[in-house]
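Below is one structure, written out as structure tokens; comments come after it.
Please treat every number below as a calculation from the coordinates, not as lab data. Being a predicted model, the structure only gives us computed values, none of them experimental. Note: ideal-geometry Cβ built from the backbone for every residue, glycine included; neighbour counts use all protein chains shown.
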């Protein structure tokens, strides 16, 4: 297999690069070791930063966030909900930081408006009564799944190729130049050598691992961040704590839920990234300073992602720049290898632009970037990831004309059928996990106990599942959800878990 | 204005799940006068089968053909299991008496050769159980004797696919065919539910059409399996009528959430207990319980505008685990809701559950619960009997994992049997109480 550019990593950056290149007429293949958004892109707040969060530490990054946010609101509106945001300080927070905040925003040219405490509480009734200062900013929310899926779909419509579950295991070099990447398909075991002129390492937290295969080295720090999803939407706007970045100081609404996070825990390896019970307790305790109801609300899921932070001596955790790192690796004797890592979801497009500028320059292609002025076409594949979308559609239809397989998130038989045919059209095997990735199945309060079983029955009826593979499908799916539910089980959640186990193990004996 | 009445009883049973119902039925049979209160009941989810012991998750066995040998093997590894406090004779006596109770409400169930039986689930797995309701007997027999089964599913009923069952039964060497029928009067419905269909078959006029639609698809087979929808009040009558119409044995497959098999039990049990003289207050929750100077347990039942004060000489706590709200958790500690009895604790919240939901050995939190003496009297933190007249039975007990062991009904029945026997041996019991404040109690002799 041959191409101009091989992109390694299917997160926001990798899929953004694929689209940018394809708009410049450059041929590319994207390989992803897992599935689209399996890394940090699929495990963050889904926040489109106004930039206000970074005005103290990194005015330049703050400004970039503001500009990129405005571009995405305009050119990828299907992925964005323009909620607006509020920064609030509570009693005991650093008053100097509060006093300096307006001038810091001005310095970074990040728009803001000071509002009274009463106005803040009127806008967001869940806010703590202990607020001492409030500012309005231009935060918004973004659906990272829809974003990456729309980007890769757009790229594919222009000739780009996508290979998922395809892991680079080595680079084949020839006189300091990389000739090909050896790629192994984790599902089939098939080995493939892909030749390219340029190789782009957009593997996020895995950047150093990939770079080492190419003979380069990147000093990275892995910072795990955990987040919790509430069972219902608690706020309309993004709520930020007005202080130096700390644990659990952003509450982001997303469709029918809210997401509170994050933590920052240094970890050594990327093998099994799970939120812990301690992190859950810490997030709830801190979050409750902004929104007291976070103490008592029901949570449906915890998840964790790893921030790919590029390390420089004497820095750690949150003090490392959230700005991106673009490396040409020329000084390491590599002439066709590029690494792009670090950064934020909000600036993914800019990161892709800068990376593609370097690629274009190396390929002597003069076509300029177009992603800042071209509408990102909404893809068919991305539309079911929108929370609340399926219930709206179902309610709009005249009475139930089909069966609801997932009653919590109102996913119907035809939606599942559509997703299955999309997956098949991509030449892949439809699994419950794949369907879960493309829909809200399993994301409601039942944690997938009932809907995974109903979807499985439906897929047997449709001939999609055959033999005895239905049970392993349910086990895999439930365990995937379990990963995010287990650390959340504190009190009320025990009731649901009791019922779930009585059904899956007591009645069905799936554990055997 | 609210009225306040007072009742005195020999025994208060707290909980209306399997254990509470078993306890009340045993007690009333022994001439004990009983007040029973309960809130949510797990029984609405019951499969209708009575499990005794199917597996030992702490050991290596995930299927016991003979539950009695299974109990020996279980107690070898886990001597503190609730079964360790009851002799096999008592377990058997309890099971037999409870089966008699089931027959008395026309939900007969039976056992074959004193061994475990296997019934087909909607997943196409085989559930190990000890007693099978008559409505499932033909299914258990078909599994045992590898008969030709026709599995019938219903258009619009989700979570019940004959194809899924057929494919999964193949690995047990069971050959089944499938057919889909439309439910009479609901041909164009996309959201069928089992409870509604059970009502329709029992009350509505669709039964004959339902029978003829099944008959049409039943060719060259020995036995027919249907989702459990054959009525709630006269399920045996409906099923035998259906068999007569079709001319082939019919069995039911238990569904879930809520299950018709569970609803049947709940409706009939509660009705029967009331008939036999149990003063039953379902859908009530008691918040607090105290002791008076005569050593009675005292608590208040609120029903509508009425407040009833209950004084009970003995209490059987059958309040269940987390689903039944018998146990709860706060700040990583598991507590018992009513008496604040000591609960055995996993080391920390991190060790409650395994990383693998389906972990073979089961989750540590499921083995925590109330420790008792050999008469099922809870122990205080010093290991002494908490109260001479307080008993704890059923799933709230420590050192068992009923969901993995498939021992839920067995533990409920055996512990209730043992606790009620202890209560009935007390001097003042067995004769009608003279202290019962003018209320009468019938004994079901």
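In whole angstrom, the stretch A:89-159 maps to an equivalent ellipsoid with semi-axes of 36, 17, 10, each derived as √(5λ) from the alpha carbon gyration tensor and ordered largest first. Estimated purely from DSSP H runs of n ≥ 4, each contributing -39500 (n - 2.57), the mean residue ellipticity at 222 nm for chain B is -9000 deg cm²/dmol once divided by its residues. Counted residue by residue at 0.36 nm each, then reduced by the alpha carbon distance between them, the extension gain from residue A:70 to residue A:466 reaches 137.8 nm.
Starting from a Cα-only point model with no solvent, please compute log10 I(q)/I(0) by Debye for the stretch B:281-430 at q = 0.17 1/Å. Debye intensities relative to I(0), on a log10 scale: -1.05. For the stretch A:1-83, the orientation-averaged shadow of the C-alpha convex hull comes to 6.9 nm² (one quarter of the hull surface). Most tightly packed first, judged by the mean number of other beta-carbon atoms within 10 Å of their residues, the peptides A:413-419, A:226-232 read A:226-232, A:413-419. Over chain A, dividing the summed -39,500 (n - 2.57) contributions of all DSSP H runs of at least 4 residues by the number of residues returns a 222 nm mean residue ellipticity of -10000 deg cm²/dmol.
Each peptide in A:266-278, A:447-459 gets a packing score, the mean of other Cβ atoms within 10 Å over its residues, and the list from highest to lowest is A:447-459, A:266-278.
Here, the stretch A:47-121 is characterised by an Rg to Rh ratio of 1.00, where Rg is the alpha-carbon radius of gyration and Rh the Kirkwood radius.
When Rg and the Kirkwood radius Rh are both evaluated on Cα atoms of the stretch B:101-254, their ratio Rg/Rh stands at 0.94. Counting only other chain Cβ atoms within 10 Å of each residue's Cβ, the peptide A:478-486 averages 3. Once the chain from residue B:309 to residue B:374 is taken as fully extended at 0.36 nm per residue, the excess over their C-alpha distance is 20.3 nm. For the stretch B:263-357, the orientation-averaged shadow of the C-alpha convex hull comes to 9.4 nm² (one quarter of the hull surface). Here, P(r) means the percent of Cα pairs in each 10 Å bin from 0 to the largest distance; for the stretch A:27-75 it is 22, 33, 34, 11, 0. The mean of 1/r over all distinct Cα pairs in the stretch B:195-286, once inverted, gives the Kirkwood hydrodynamic radius of 14.7 Å.
For the peptides A:483-491, B:67-75, A:46-54, the ranking by mean Cβ contacts within 10 Å, running from highest to lowest, is A:46-54, A:483-491, B:67-75.
Evaluate the Debye formula for the protein assembly as shown with equal point scatterers sitting on the alpha carbons, no solvent, and hand back log10 of I(q)/I(0) at q = 0.07, 0.10 Å⁻¹, in q order, two decimals. The Cα Debye sum returns log10 ratios of -0.69, -1.18. Among the residues of B:351-364, the average count of other protein chain beta-carbon atoms within 10 Å of the residue beta-carbon is 5. Residue by residue along A:461-473, Cβ atoms of other protein chains within 10 Å of the local Cβ number 4 on average.
The modelled label-to-label distance for the pair residue A:191/residue B:234, using points 7 Å beyond Cα in the direction of Cβ, is 7.3 nm.
The alpha carbon convex hull volume per residue for the stretch A:80-226 rounds to 214 Å³. Once the Cα-Cα distance is subtracted from the 0.36 nm per residue extended length, the residue B:68 to residue B:171 segment shows a gain of 34.4 nm.
Roughly how large, in nm² to one decimal, is the mean projection of the convex hull of the alpha-carbon atoms in the stretch B:169-209? One quarter of the hull surface, i.e. the mean projection, equals 4.3 nm². With q set to 0.09 Å⁻¹, the log10 of I(q)/I(0) for chain B, from the Debye formula over equal scatterers at the Cα positions, is -0.60.
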